[in-house]
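Trainee: Have a look at the structure that comes next, please.
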Amino acid sequence: MVGEYSQEEGARLLKLARDSINEEFSGEKVKFPEGKKFMQARGVFVTLTKNSELRGCVGFPYPIKSVSEAAYEAAKSSAFSDFRFLKLDKSELEKIKIEISILSMPQETKPEDIKIGRDGLMCSYVGYSGLLLPQVAVEWKMSRLEFLEAVCQKAGLPKDSWQKKGFSLKRFSCQIFKEQ
């Protein structure tokens, strides 16, 4: 996973994400980047921050869309449809920073195999599911146990649910591109 997309390709995806958000305000249609790599189906999350605080984060954990389509749609959803935040206002556009996470295919894992900084987590149990990107554990200086508990809580489950029979835990890695 590491290094699959070049810095230049990452910059083109970041531009696509910003342009897709701006499209809502300007009405100007976005141009998708061309090339094979941009057509690959990939899981993608777009995270928006404002003054270093989360302002939106939405994405596709599985490769159901091309990386370009996923970045386009996730950027719009992060800006205008993340239920945790009000819709992004045009006045905020220049204040936000965009981060794109391109995900590897999630794989079943055991708690003891999780590596902080490398792995993101997905869980599901009794109809609930949650996902945390790898950078969350690093940013919040979480231990492996705290990361497991946090993904359970993100799913709306008690924090010890990861110990229950029938609990599904998957890990994935990300290639991350950020605006400076």
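Taken together, the values in this text are just the output of simple stated rules run on the coordinates, not laboratory data. Source: prediction; values computed, not measured. Here Cβ is always computed from backbone atoms with ideal geometry, including for glycine, and neighbour counts include all displayed protein chains.
Trainee: Of Phe167, Ala71, Gly43, which is farthest on the positive side of the dipole of the chain, counting Cα position, with +1 on Lys and Arg Cβ, -1 on Asp and Glu Cβ, and the Cα centre as origin?
Mentor: Phe167
Trainee: Cut-off is 10 Å between beta-carbons; in what order do Lys36, Lys159, Lys65 appear when sorted fewest neighbours first?
Mentor: If I rank by nearby Cβ atoms, fewest first, I get Lys36, Lys159, Lys65.
Trainee: Give me the net charge of Phe177's neighbourhood, meaning all other residues with Cβ under 14 Å from the Cβ of Phe177; Lys, Arg count +1, Asp, Glu -1.
Mentor: Summing Lys and Arg as +1 and Asp and Glu as -1 gives +2.
Trainee: In nm, to one decimal, how far is the modelled label at Lys164 from the one at Leu54, with both set 7 Å along Cα→Cβ?
Mentor: 2.2
Trainee: Using alpha-carbon pairs under 8 Å, 6+ residues apart, how would you state the relative contact order of segment 7-118 in percent?
Mentor: Relative contact order here is 29 percent.
Trainee: Exposure proxy check: Arg84, Arg118, Arg55 ranked by fewest other beta carbons within 10 Å?
Mentor: Arg84, Arg118, Arg55
Trainee: Let me ask something else. With a cap of 16 neighbouring Cβ atoms within 10 Å, and only residues DSSP puts in a loop, list the chymotrypsin sites (Phe, Trp or Tyr not before Pro) found in segment 60-117.
Mentor: In loop regions of segment 60-117 (DSSP not H, G, I, E or B), the sparsely surrounded chymotrypsin sites (Phe, Trp or Tyr not before Pro) are Phe83, Phe85.
Trainee: Multiply the residue gap between Ser129 and Asp113 by 0.36 nm, knock off their C-alpha separation, and tell me the result in nm, one decimal place.
Mentor: 3.8 nm
Trainee: Another one. List nothing, just return the count: lysine pairs in segment 1-57, 8 or more apart or interchain, with Cα separation under 19 Å.
Mentor: So the count works out to 5.
Trainee: Let me ask another. Which value, in debye to the nearest 20, gives the size of the charge dipole of segment 11-51 about its Cα centre, when Lys and Arg are +1 and Asp and Glu are -1 at the Cβ?
Mentor: That gives segment 11-51 a dipole magnitude of about 260 debye.
Trainee: To the nearest 20 debye, what is the magnitude of the charge dipole of the chain about its Cα centre, counting +1 on the Cβ of each Lys and Arg and -1 on the Cβ of each Asp and Glu?
Mentor: 280
Trainee: If I model a spin label at Ser81 and Ser143 as a point 7 Å from the Cα along the Cα→Cβ vector, what separation in nanometres do I get?
Mentor: About 3.9 nm, to one decimal.
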